[in-house]
1. When both residues are 6+ apart or on different chains and their Cβ atoms are under 9 Å apart, which pairs have a first residue that lies in the range 26-55 and is within 20 Å of Asn8 (Cα to Cα), and a second that is polar (S, T, N, Q) and outside any helix (DSSP H, G or I)?
2. Here are Ile10, Ile62: which of them is free of Cβ contacts under 8 Å to residues at least 24 places away in the same chain and assigned to a helix (DSSP H, G or I)?
3. Determine which member of the set Tyr9, Tyr69 is of a type outside the set (Val, Ile, Thr) and surrounded by 12 or more Cβ atoms within 10 Å (Cβ to Cβ).
Amino acid sequence: MDSKGKINYIVVFSIVFAIIGFISGYFFTFFPGSNFILLFLGFFVGIVLGFFVSWFINLRDIDKEKRKYKI
């Protein structure tokens, strides 16, 4: 959480997708080291997805403030 008490979605999604990628790397071993490649791919997918989710939530909060003050 940051100073405003909001969840940092980039960190949460990157950790979750990295864990999912690491676990799926053990089930889909196409070649040696593919589990680490899936780990890093999951990490970067989590960063991108977390960025878009936090951006969308930030836009939603801005719209709430606009409606609140009738800007």
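Nothing in this text is a laboratory measurement; each read-out follows from the coordinates by a stated rule. Keep in mind that this is a model prediction, so the values were computed, not measured. Cβ atoms come from the backbone with ideal geometry, glycine included; neighbour counts cover every protein chain shown.
1. From residues that are within 20 Å of Asn8 (Cα to Cα), the pairs are Gly50/Asn8; Ser54/Asn8.
2. Ile62
3. Numbers: Tyr69 fails: surrounded by 12 or more Cβ atoms within 10 Å (Cβ to Cβ).
After ruling out the rest, the residue left standing is Tyr9.
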